[in-house]
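Visitor: Starting off with a structure, shown below.
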Amino acid sequence: MEVIILPTAEEASEVATRLVSRQIREKPDSVLGLATGGTPKRLYEMLVRMHREEGLDLGRATTFNLDEYVGLGPDHPASYHRFMVKYLFSHVNLTRERIHIPDGLAADVPAHCAAYEQSIREAGGIDLQILGLGSDGHLGFNEPGSSLASRTRIKTLTERTRNDNARYFGEGEEVPHHVITMGLATIAASRMCLLLAFGKAKAEAVAASVEGPVTASVPGSLLQFHPRTKVLLDTEAAALLTRADYYQWVYNNKPAWQTDL
Ligand code: F6R
């Protein structure tokens with residue numbers, strides 16, 4: 001796990017954008033795992049700018065989103081489908097048939113989840129998985145207590161997550177209780193993970209995920225077992241890390257052949 005701490009979310013998003021765009025340039029048919037929410041918005045905006053101004057070509061890439069609310073269709077303003085269209089899909093040249101998002105309206109949820117896993121396998125697995133972190137340590141919508149061996153399935157949100165996400169819903173509108181999410185083993189099978197966390201509300205979850213014991217009680221801690229994970233933080237999200245100085249020293253003093261950012 002490489003922990004990279006930048007002064008601001010903007011700078012951390014720039015580094016994330018360089019990593020994702022490099023992945024796409026080096027392997028144009030990359031399979032990307034995508035997250036939604038406030039954290040990756042700037043990353044998507046920066047990728048859109050690179051597509052428009054620097055010819056970043058997503059035409060051969062495949063995408064799999066982490067999660068979707070059960071009961072919300074693609075046109076619901078708070079659905080993750082709608083989010084992706086708004087911030088990324090409608091601005092870049094991804095091929096419609098290679099975009100995958102769990103279907104919140106699936107009639108047979110277990111069958112849909114199994115088919116989603118099958119699609120990931122058929123695409124050759126995920127090359128680069130972009131992740132945010134819940135304030136309760138969730139990854140995807142794998143809430144604390146999720147099996148580290150879990151695959152795509154239905155999950156029930158904690159009240160904390162429902163409250164955190166109420167801001168994306170209309171006044172008086174209920175945040176769904178259920179979601180479909182890639183499992184922790186699905187995420188762990190990605191060849192590279194990029195975890196982004198910004199702001200002081202994430203500091204506890206970051207410290208528990210990066211420096212705490214690996215436990216299903218903190219799903220983010222699963223990444224300690226992952227062989228190629230980069231954790232991109234702003235100073236506020238890194239505030240409770242006990243080895244922050246060391247991570248910064250490592251990042252600033254890499255051997256020349258390792259300075260890939
Ligand atoms: C979203 C997802 C979630 C979010 C997390 C943080 O697809 O899987 O794990 O990454 O809830 O959300 P924000 O970025 O809104 O703080």
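Just so you know, all these numbers are worked out from the coordinates, no wet-lab data involved. Owing to the predicted nature of the structure, the values given are computational and were not obtained by experimental measurement. Cβ placement follows ideal geometry from the backbone for every residue including glycine, while neighbour counts extend to all protein chains displayed.
Visitor: Dipole size in debye (nearest 20) for the stretch 2-258 around its Cα centre, Lys and Arg Cβ +1, Asp and Glu Cβ -1?
Guide: Magnitude of the dipole: close to 560 debye.
Visitor: Taking the C-alpha atoms of the stretch 132-261, how large are the radius of gyration and the largest Cα-Cα span, Dmax, in Å?
Guide: Rg and Dmax of the stretch 132-261, Cα atoms, are 15.8, 54 Å.
Visitor: Follow-up. How fast does the stretch 2-258 diffuse by Stokes-Einstein, in µm²/s, taking the Kirkwood radius from C-alpha pairs at 20 °C and 1.002 mPa s?
Guide: Diffusion coefficient, whole number: 117 µm²/s.
Visitor: Report, in listed order, any pair from K202/K230; K230/K254; K27/K254 with a Cα-Cα distance greater than 21 Å.
Guide: K27/K254
Visitor: Take the alpha carbon gyration tensor of the stretch 81-207, find the square roots of its eigenvalues, order them as a ≥ b ≥ c, and report rounded if a/c is under 1.5; if not, report prolate when a/b exceeds b/c, else oblate.
Guide: It is rounded, given that a/c, with a ≥ b ≥ c, falls under 1.5.
Visitor: Helix-only mean residue ellipticity at 222 nm, the chain, DSSP H runs n ≥ 4 weighted -39,500 (n - 2.57), per residue, nearest 500. What is it?
Guide: -9000 deg cm²/dmol
Visitor: Counting other Cβ atoms within 10 Å of each Cβ, which trypsin sites (Lys or Arg not before Pro) in the stretch 31-129 have at most 15 and sit in a DSSP loop?
Guide: R60
Visitor: Among Y80, A61, G38, which residue has its Cα positioned farthest towards the positive end of the charge dipole of the stretch 1-105, with +1 placed on the Cβ of Lys and Arg, -1 on the Cβ of Asp and Glu, and the dipole taken about the Cα centre?
Guide: Checking the options against the dipole of the stretch 1-105, the answer is A61.
Visitor: I'd like to compare 228-241, 13-26: which one has the highest average count of other Cβ atoms within 10 Å, and what's the full order after that?
Guide: Averaged packing, sorted descending, gives the order 228-241, 13-26.
Visitor: Still on this model: Lys/Arg Cβ at +1, Asp/Glu Cβ at -1, dipole of the chain taken about the Cα centre: which of G104, G137, A244 is farthest positive-ward?
Guide: Checking the options against the dipole of the chain, the answer is A244.
Visitor: Placing unit charges on C-beta atoms (Lys and Arg positive, Asp and Glu negative, everything else neutral), compute the dipole magnitude of the stretch 145-210 about its Cα centre in debye, rounded to 20. Let's see the in-between values first.
Guide: Numbers: 9 positive and 6 negative charges, 75 e Å.
That gives a dipole near 360 debye.
Visitor: To the nearest 20 Debye, how big is the dipole of the stretch 122-261 about its Cα centre, given +1 on the beta carbon of each Lys and Arg and -1 on that of each Asp and Glu?
Guide: 400 debye
Visitor: Quick check for you: which residues of the stretch 125-149 have the amide N under 15 Å from the point 7 Å beyond the Cα of V214 toward its beta carbon?
Guide: In the stretch 125-149, the label zone of V214 (backbone N under 15 Å from the point 7 Å along Cα→Cβ) covers 147-149.
Visitor: While we're on this one: Determine the distance separating the Cα centre of the stretch 217-241 from the Cα centre of the stretch 13-78; give it in Å without decimals.
Guide: About 20 Å separates the Cα centre of the stretch 217-241 from the one of the stretch 13-78.
Visitor: Taking the Cα centre of the chain as the origin and placing charges on Cβ (Lys, Arg +1; Asp, Glu -1), which of V48, S190, S90 is farthest toward the positive end of the dipole?
Guide: S190
Visitor: Which GluC sites (Glu not before Pro) does the stretch 140-219 hold that lie in a coil by DSSP with at most 14 other beta carbons within 10 Å?
Guide: Those satisfying the criteria are E171, E173, E174.
Visitor: Taking 7 Å along the Cα-to-C-beta vector as the label spot, tell me the N163-Y251 distance in nanometres, rounded to one decimal.
Guide: According to this spin-label approximation, the distance is 3.0 nm.
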